[in-house]
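Here the structure comes first, spelled out in structure tokens, and everything after it is commentary.
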Amino acid sequence: MEHMSTKSSRGFTLMELLVSLALGVLVLGAAVNVFSRGLNATFVVSQRAEMQQDLRAASNMLLKDISLAGAGMPPGQGVALPATAAKPIFGCDQVGSCIPGGGIAYPCSTNIGPCIPTLYGIIPSWQLGITPPGSVTPTDIITVVYSDSVFALNCYIVTFPAGGGVNPVTFTAPVPTPPTCSLPPGLVNPQAVDDPVVGLTAGDLVLFQNTLAAGTGQAIAEVSNAAGGGPYTVNFLNGDPLNINQSGAPSGDLVQIIAGANTTATRIFVISYYLRLQPDPSGVGPGTPVLMRQVNGHTAVPVAENVVNLGFTYDTYDAFGNLLNAQGNAGYPGTSLNLIRKINLSHLTIRGQQSGARSALMTTNGYQSFDFQTSISARNLSYQNRYSF
């Protein structure tokens, strides 16, 4: 008879289970750690790529505008604005939303005698911006001015009302278009004044020039409204948000040049860059600093978020021809802003959207950041002042 084994099958001992469990936990922990590091590296790299993209887009727009400062503007010492108690300002839109701290008054043409507000190709506003969270130094605001080379408003014939009034101004397209009229490629006639894409709208600024007995008259006016059809009528009414239209002013207003002949009109761009603190939707935290771009009297638009510093210095000359390097206020007051030769972007600093606390690859738990610096030549101002007579 065959003998049957009485031994039962044996499993793992408790010690073997504990050892295998410990080894499994170590292997799994190592895998999770490697995976976590990979995620953190992806977070860091993607955030840096996003910052670089935002910084590149913001700097390209900023540098383009600065490089055009003074283009198409009259040569000389700037354009005089109404000199009254209601000072002309920039940085406000049609509903009263302004640069933080309110609209900024235009600089005076001289620090001797009464202040005559003057429009220059470049207007520094040193440390008049916000102080970003975590900083102790106020940021700068820069304003550049140049003419519109796309909308051929200067091709129109400009007439003022009979009897000495200034409103409405009538714009009539010449027939045929004279050869002196410079049109964008592809056009045979100037665009309509009320064109929905490039036409005049409330808040636009228009530079008027004509020939007076005493010389060339200049005045800037802010559009109140533009009527359709042709000829086109445009109102430049008193009480505009930028205090540009002041028919009672002793100088610098349309009423001062209506008697001149051969009036031409050109739309100009007064563009300000500054930082605004966007409140956090949750109401927690100091908010997000945003680089803003304000054009004439229109609503400011955001250019890039998380820009935490904006600073400029200027290379200019004093009244005796001495070079002044890296001046935060461009030597003003005491030095004409028309003598600025180079604009130094000393700080355009952007940070990441999130703190680096989740990233083990960073030496600190702060924000990643990039600081961009460069210099731009004010070539339009330089050539005007050097070669214009």
request  = Only one of these is within 21 Å of the chain's Cα centre (by Cα) and modelled with pLDDT under 90: 302, 279. Name it.
outcome  = 279
note = Of the residues in the stretch 340-361 that are crowded, with 16+ Cβ neighbours inside 10 Å and either at pLDDT below 70 or small (Gly, Ala, Ser) (or both), the one that is farthest from residue 33 (Cα to Cα) is 346
message = Looking for something in a loop (DSSP other than H, G, I, E, B), modelled with pLDDT under 85, exposed (fewer than 11 other Cβ atoms within 10 Å of the Cβ) and charged (D, E, K, R) - is there at least one such residue anywhere in the stretch 11-29?
response = no
query = Can you name every residue in the stretch 239-289 that is in contact with an Asp or Glu (Cβ under 8 Å, 6 or more places away or on another chain), within 19 Å of residue 108 (Cα to Cα) and among the hydrophobic types (A, V, I, L, M, F, W, C)?
reply = 242, 244, 271
query = Residues in the stretch 105-117 that are surrounded by 20 or more Cβ atoms within 10 Å (Cβ to Cβ) and either farther than 15 Å from residue 330 by Cβ or touching a helix residue (DSSP H, G or I) at 6+ places or on another chain (Cβ under 8 Å) (or both): how many?
reply = 2
query = In this structure, is residue 367 outside any loop (DSSP other than H, G, I, E, B), modelled with pLDDT under 85 and over 22 Å from the mean Cα position of the chain (by Cα)?
reply = no
request  = Return the pairs, sorted by first residue and then second, in which the second residue is polar (S, T, N, Q) and part of a strand (DSSP E or B), the first residue lies in the stretch 260-285 and is farther than 22 Å from residue 206 by Cβ, the beta carbons are less than 6 Å apart, and the residues are 6+ apart or on different chains.
outcome  = 278/288
ask   = Does residue 382 satisfy being at pLDDT 55 or above, in a helix (DSSP H, G or I), of a type outside the set (Phe, Trp, Tyr) and surrounded by 13 or more Cβ atoms within 10 Å (Cβ to Cβ)?
value = yes
ask   = Of (1) surrounded by 15 or more Cβ atoms within 10 Å (Cβ to Cβ); (2) outside any strand (DSSP E or B), residue 299 satisfies all except one. Which?
value = (1)
ask   = Considering 94, 53, which residue is under 19 Å from the mean Cα position of the chain (by Cα) and part of a helix (DSSP H, G or I)?
value = 53
note = Given the conditions (1) within 19 Å of residue 150 (Cβ to Cβ); (2) assigned to a loop (DSSP other than H, G, I, E, B); (3) touching a residue at least 12 places away in the same chain (Cβ under 8 Å); (4) hydrophobic (A, V, I, L, M, F, W, C), every one holds for residue 234 apart from (2)
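The values are calculated or read from the model by the stated rules, or taken from the named source; none is laboratory data. These numbers were taken from a predicted model, which means no experiment stands behind them. Virtual Cβ from ideal backbone geometry, glycine too; neighbours counted across all protein chains shown.
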